[in-house]
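Remarks on the structure that follows.
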Amino acid sequence: MSAKPFNVGPLGLAAFAMTTTVLSCINAGIIPKDAVGVVIPLAFVYGGLIQIITGWWEGRLGSTFGFVAFSSYGAFWLYFGALNIFATLKLITVNAIAAGIVLLLWGFLTFYLWVGSLRLNKVTMLIFLFLTITFIVLGIGDIIGSVAVGQLGGYLGLVTAAFAWYGSLATVINDTYGEKKVPVGEPFVKK
């Protein structure tokens with residue numbers, strides 16, 4: 001008897017959503033900046049490791065999109081955690097303009113994943129749309145040194161996280177009940 005294939009996506013989305021929610025609360029100014037230490041272990045374990053594992057499983061299940069997305073954002077959280085630890089230990093100096101350019105590059109990666117997501121459900125498309133905008137706004141905020149723009153990026157991150165939470169919840173409930181109880185929307189681009 002073979003095991004029923006399972007959907008690893010909701011685990012990766014939950015890991016992304018939780019880590020993004022906490023960091024976005026800090027970026028938005030809802031939680032003080034000195035609370036970033038709380039995000040670091042979360043970034044390594046849930047945001048990083050769990051998304052890397054999810055990406056690996058997505059690849060094993062034949063999803064190029066899921067493999068690239070979850071593996072990439074898992075790597076982002078590992079990068080974020082390492083960057084903060086290295087900076088705190090004064091092993092590196094973080095240049096705000098360079099950090100902003102890195103965020104813009106993450107925005108570029110997210111943009112082409114957003115294009116791919118147009119063939120998936122609307123919730124997934126909205127996650128990648130808002131994540132693209134979030135990275136761009138955060139990158140610009142770092143480059144121009146604007147706290148207000150960084151805070152806007154934090155609020156956009158919270159919108160992104162809300163869509164990720166919803167996507168995870170919908171998939172868990174729909175898979176558990178074996179029918180679409182929670183709508184996710186049809187793709188914009190049909191096959």
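Can you tell me the order of 49-56, 111-118, 76-83 when each peptide is scored by its average per-residue count of other Cβ atoms within 10 angstrom, highest first? Can you show the working numbers first?
Details: 49-56: 20.8, 111-118: 16.9, 76-83: 18.9.
Ranked by mean Cβ neighbours within 10 Å, highest first: 49-56, 76-83, 111-118.
Determine the share of the stretch 1-63's accessible area contributed by carbon and sulfur atoms, expressed in whole percent, with a 1.4 angstrom probe.
Looking at the stretch 1-63 in its full context, I get 72 percent from C and S.
Name the lysines eligible as straight-distance cross-link partners of Lys33: C-alpha to C-alpha under 19 Å, and not fewer than 8 places from it in the same chain.
By straight Cα distance, Lys33 reaches Lys90.
So what's Rg/Rh here for the chain, counting alpha carbon atoms and using the Kirkwood radius for Rh?
Taking Rg over the Kirkwood Rh, I get 0.99.
Only helical DSSP H runs with n ≥ 4 go in: add -39500 (n - 2.57) per run for the chain, normalise by residue count and round the 222 nm mean residue ellipticity to 500 deg cm²/dmol.
Values: 7 runs with 138 residues, N = 191.
That comes out to -25000 deg cm²/dmol.
Could you give the distance between the Cα centres of the stretch 29-69 and the stretch 76-139, to the whole Å?
Here the answer is 12 Å between Cα centres.
I'd like to compare 58-68, 134-144, 12-22, 85-95: which one has the highest average count of other Cβ atoms within 10 Å, and what's the full order after that?
Values: 58-68: 15.5, 134-144: 21.6, 12-22: 24.3, 85-95: 10.8.
My ranking of the peptides, most packed first, is 12-22, 134-144, 58-68, 85-95.
Of all the Cα-Cα pairs you can form in the stretch 1-60, what percent are over 13 Å apart?
Numbers: 1114 of 1770 pairs.
The share of Cα pairs beyond 13 Å in the stretch 1-60 comes to 63 percent.
Please compute P(r) over all alpha-carbon pairs of the stretch 3-103, binned at 5 Å starting from zero, and give each bin as a whole-number percent.
3, 14, 20, 21, 18, 12, 7, 4, 1, 1
The values are calculated or read from the model by the stated rules, or taken from the named source; none is laboratory data. Note that the coordinates shown come from a computational prediction; the quantities given were computed from them, not determined experimentally. Don't worry about glycine lacking a Cβ; one is built from the backbone with ideal geometry, like all the others, and counts go over all protein chains shown. Remember, those area values only see protein heavy atoms, side chains included, never the ligands or the DNA or RNA. Shrake-Rupley method; radii C 1.70, N 1.55, O 1.52, S 1.80 Å.
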